[in-house]
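Participant: Before I ask anything, here is the structure I am working with.
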Amino acid sequence: MVFKKDIYFSENLPRLMFGAMAALTVFSLVSIFIFLLISGIGAFEEIGVSEFFLGIDWNPTSFYTPAWGIFSLMVGTAIISVLALSIALPFGLSIAVYLSEIASPKMREIFKPLIEMIASIPSVVLGFLGLLFLAPFIAKFFNISNGLNALTASILVAVAALPTIASICEDALSSVSVRFKEASLALGATKWTTIKKVVIPAAGPGLIAAIMLGLGRIIGETMIVLMVAGNSRAFPTSLLDPVRPMTASIAIEIKEVVVGSLHWQSLFAVGLTLFIITFVINLLADVLVYKKYSYGN
Amino acid sequence: MATNGSLRETIYFYMFRGSAFIGIAILFIVLILLFLPGHSVINWHFLTSSWQHRDITQGGIFSAIIGSIYLGIGVMLISFPLGIGTAIFITEYSKNIFWKKIIRLAIRNLAGVPSVVYGLFGLAVFVNFLSLGTSLLSAVLTLSVMTLPWIITASTESLEAVPQKFRETSLALGATHWQTIKKIVFPAAFPGCVTGGIIGIARALGETAPIIIVGATFYLSSLPTSPLDKFMALPYHTFILATQHSSPYASSYAAGTALVLISLTFLLSFGAIIMRYNYRRKKDW
């Protein structure tokens, strides 16, 4: 009887313990959304949802007429996202095609971890190199006075997102059934034709997931845009204009605002907006990845 | 036609190979570009003495190195057990497919939350709500929450890679569920959990945006003695020297600090990658 009781405890204690850990993890993750909402909701009430999202002026510290529109900040984020993605995607996909279809197993074993290492470059380091080398180069190349602009930031953000995009594309390509490739090669198609007409289309949903997750990574990038995007609140009209994306605004301003003030609340509202954007992007990617696994099996 | 096709194939394949080489070149270019302006400031004195605010050429970055190491250890102490425990629950205990899916969805989505948003979360919860102030502890907790999804993902993969046969054999021999997990499943998965975790820690150490918000400072006369003290950290130190310092030497000191930071994160990730490689080669299943 005593023995049975011991077993009961020793079996159920770990279950409870790990269950509690899992619950705590999920709880802490869910509470991010709740705390952002609680801290930021006041801004929507006071400023008004349409004024907040569609207002072009963001000037919370103005004494006479503070302005609370984040549209210019969102456009800054959008410009950098589109530009960085259009640099990182072809580049990342090429790397993925090489790793999964062309490289010998030995080269693959060397290259894969090295590409993965790019993700360990701290973004502050990329930003610093941008200040020191890339911005002066861009300024000289386009003959403009200041190289701190959307283009410079996009190039560096593309580097930061490259390992994410390359490794997810690689997963998607590698998970295409070997039978598809063999069938194509047996029909006389060349290796390139097989990659182009069979492997890439079959990996389609996974590749779109890679785009989505890469995009999420790009939108959230903070230090690079804080350091080299030029930090201007004016509405951008060209790729060589300085911009201030949403993430940079939060990082610059949050230290200097009074806790609980309207400015504080509206920065949390910007954070909440970022959270929702990345959440939707990740959710879409998730649906696509889930679809991918039902492919070719 | 045939030669035309194979010529095109050759060109494309060179292009793909080329982009892989460029990708790797980025790593070396970053190191070289940091080394050029930064190597001249790195010496024993720079690494082991404390920061001098008045004359940056006199001081070192010892406090920032120690701050980053404290941060890394703190994050490891919290996120490793929580992350691995959660992964064990997902793979070994949770039978309800629906909840499992919900937990996984939450984890994957939260891995995509921008780091600056984690900073805001830390500010609202740890700094203000729990009144921990801008401190080492707030930063450790914030970065721990941020690294959790990465560690859970790596650990779950590692636990799932343990063959089902192992579990069935152990149970068939009369071991209980917990004994099977403790003696069979966990030891087999442990190296994978740890290497995934170390890569997570390396990334967390390079994060700057969250610690700007919840606790790092640029100048402290002494090392933190309690978890509630403010602290210096390498990425923040790099950031301030790179952007807000007026000294003409600031950029070479920023480069020196960045070089120390990147050596730390590269050593950790590279070490973990080598460990993972060795362990995969040795494992006989």
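Participant: Going by what's in this entry, would A:ASN231 be described as within 13 Å of chain B (Cβ to nearest Cβ) and at pLDDT below 90? Don't jump to the end; show me each part of the working.
Facilitator: Details: within 13 Å of chain B (Cβ to nearest Cβ): yes; at pLDDT below 90: yes.
Answer is yes for this residue.
Participant: Residues that are out of contact with any helix residue (DSSP H, G or I) (no Cβ under 9 Å at 6 or more places or on another chain) and surrounded by fewer than 24 Cβ atoms within 10 Å (Cβ to Cβ), at least 1 per element: which helices (runs of 4 or more DSSP H) completely within the stretch B:144-212 meet that? Please lay out each step first, then the result.
Facilitator: Values: elements: B:164-172, B:177-180, B:186-206.
Output list reads B:164-172, B:186-206.
Participant: From A:SER81, A:SER154, which residue is under 26 Å from B:LEU259 (Cβ atoms) and either of a type in the set (S, T, N, Q) or not in a helix (DSSP H, G or I) (or both)? Spell out how you get there, then give the answer.
Facilitator: Numbers: A:SER81 fails: under 26 Å from B:LEU259 (Cβ atoms).
Criteria check complete, one pass: A:SER154.
Participant: Right, another one. Restricting to the stretch A:128-145, name every residue that is within 24 Å of the chain's Cα centre (by Cα) and within 7 Å of another protein chain (Cβ to nearest Cβ).
Facilitator: Taking the stretch A:128-145 and keeping what is within 24 Å of the chain's Cα centre (by Cα), we get A:128-131, A:134-135.
If the condition is that a residue be within 24 Å of the chain's Cα centre (by Cα) and within 7 Å of another protein chain (Cβ to nearest Cβ), then A:PHE128, A:LEU129, A:LEU131 are the ones that fit.
Participant: Let me ask another. Being without any contact (Cβ under 8 Å) to a residue 60 or more places away in the chain and either within 30 Å of B:ALA255 (Cβ to Cβ) or buried (at least 17 other Cβ atoms within 10 Å of the Cβ) (or both): is that true of B:GLY59 here?
Facilitator: Numbers: without any contact (Cβ under 8 Å) to a residue 60 or more places away in the chain: yes; either within 30 Å of B:ALA255 (Cβ to Cβ) or buried (at least 17 other Cβ atoms within 10 Å of the Cβ) (or both): yes.
When the stated conditions are applied, B:GLY59 passes them.
Participant: In addition: Would you please list the contacts, defined by Cβ atoms under 6 Å and residues six or more apart or on different chains, that run from a residue in the stretch B:89-118 that is at the interface with chain A (Cβ under 7 Å from one of its Cβ atoms) to a residue that is among the small types (Gly, Ala, Ser) and in a helix (DSSP H, G or I)?
Facilitator: Filtered contacts from the stretch B:89-118: B:PHE89/A:GLY19; B:PHE89/A:ALA22; B:GLY112/A:GLY216; B:PRO114/A:GLY220; B:SER115/B:ALA209; B:VAL116/A:ALA251; B:VAL116/B:ALA209; B:VAL117/A:GLY271.
Participant: Could you tell me whether B:THR86 is in contact with an Asp or Glu (Cβ under 8 Å, 6 or more places away or on another chain), in a helix (DSSP H, G or I) and either crowded, with 17+ Cβ neighbours inside 10 Å or charged (D, E, K, R) (or both)? Outline the logic, then answer.
Facilitator: Values: in contact with an Asp or Glu (Cβ under 8 Å, 6 or more places away or on another chain): no; in a helix (DSSP H, G or I): yes; either crowded, with 17+ Cβ neighbours inside 10 Å or charged (D, E, K, R) (or both): yes.
It is false that B:THR86 is in contact with an Asp or Glu (Cβ under 8 Å, 6 or more places away or on another chain), in a helix (DSSP H, G or I) and either crowded, with 17+ Cβ neighbours inside 10 Å or charged (D, E, K, R) (or both).
Participant: I would also like to ask the following. For the stretch A:12-51, which positions are more than 14 Å from every other protein chain (Cβ to nearest Cβ) and buried (at least 20 other Cβ atoms within 10 Å of the Cβ)? Can you show your working first?
Facilitator: Initially, the stretch A:12-51 is screened for residues more than 14 Å from every other protein chain (Cβ to nearest Cβ), giving A:44-51.
Answer for the stretch A:12-51, where residues must be more than 14 Å from every other protein chain (Cβ to nearest Cβ) and buried (at least 20 other Cβ atoms within 10 Å of the Cβ): just A:ILE47.
Participant: Looking at B:SER251, B:SER246, which one is closer than 27 Å to B:GLN58 by Cβ and more than 8 Å from chain A (Cβ to nearest Cβ)?
Facilitator: Details: B:SER251 fails: more than 8 Å from chain A (Cβ to nearest Cβ).
Every option except B:SER246 fails the conditions.
Participant: Residues in the stretch B:175-191 that are charged (D, E, K, R) and either facing chain A (nearest Cβ under 10 Å) or touching a residue at least 40 places away in the same chain (Cβ under 8 Å) (or both): how many? Show your work before the answer.
Facilitator: Here is the first cut: in the stretch B:175-191, the residues charged (D, E, K, R) are B:182-183.
With either facing chain A (nearest Cβ under 10 Å) or touching a residue at least 40 places away in the same chain (Cβ under 8 Å) (or both) added as a condition, the list becomes B:182.
Final tally of qualifying residues: 1.
Participant: Are there any pairs with C-beta distances below 7 angstrom linking a residue in the stretch B:13-29 that is facing another protein chain (nearest Cβ under 8 Å) to a residue that is aromatic (Phe, Trp, Tyr), with the two at least 6 apart or on different chains, and if so which?
Facilitator: Once the first residue is facing another protein chain (nearest Cβ under 8 Å) and sits in the stretch B:13-29, its partners that are aromatic (Phe, Trp, Tyr) give B:PHE16/A:TYR98; B:ARG17/A:TYR98; B:SER19/A:PHE91; B:SER19/A:TYR98; B:ALA20/A:TYR98; B:ALA20/A:PHE111; B:ILE24/A:PHE111.
The values are calculated or read from the model by the stated rules, or taken from the named source; none is laboratory data. Treat the numbers as computed from the prediction; the structure is a model and nothing was measured. Note that each Cβ is placed from the backbone with ideal geometry, even for glycine, and that neighbours are counted across all protein chains shown.
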